[in-house]
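Remarks on the structure that follows.
Each reported figure results from applying straightforward, stated rules to the coordinates on display, with no laboratory input. Here the structure is a predicted model, which is why all the values come from computation and not from measurement. For neighbour counting, all protein chains shown are included, and Cβ atoms are generated from backbone atoms with ideal geometry for every residue, glycine included.
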Amino acid sequence: MFQAATLRLQFTPTALDITRGDTLIRRFPYVDWQNWRIFWNGIPILLYFKEVKSIHFLPILFDPKMLKQCLEQHCPISNA
C-alpha cells in the first residue's frame, strides 16, 4: 500500500518512468514492452507488463480510464 501511494507513473514519449517524489526510480522503454494488463479495472491497483527480458507488477492508484488511454497510446501492442 505504501508503494501504491508514493510511486508516480510518468508517460514520456519513449518510456514509462517510475518516480518517488523528484527521484527517478526506474525507466521502462516502450520498445521493450511485449504486453500489459490492468488488474481490477474498477479500482486499478495493479499494473502488469512484460518486457523482453522480464515481467513487472506495479502497485498503483490511478484513474482507470486515463491509465488505459495512456497505455494504449504508448504501447498499443496489448491484449487489454
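For the reader, a short list of remarks on this structure follows.
- Placing +1 on the Cβ of every Lys and Arg and -1 on the Cβ of every Asp and Glu, with nothing else charged, gives segment 2-74 a dipole about its Cα centre of roughly 120 debye.
- Fully extended contour minus Cα-Cα distance, from Arg8 to Lys50, at 0.36 nm per residue: 13.2 nm
- Per residue, the average separation of C-alpha pairs within less than 8 Å and at least 6 apart gives the chain a relative contact order of 26 percent.
- Distance between the pseudo-spin-label points of Gln69 and Leu24 (7 Å out from Cα toward the beta carbon): 2.6 nm.
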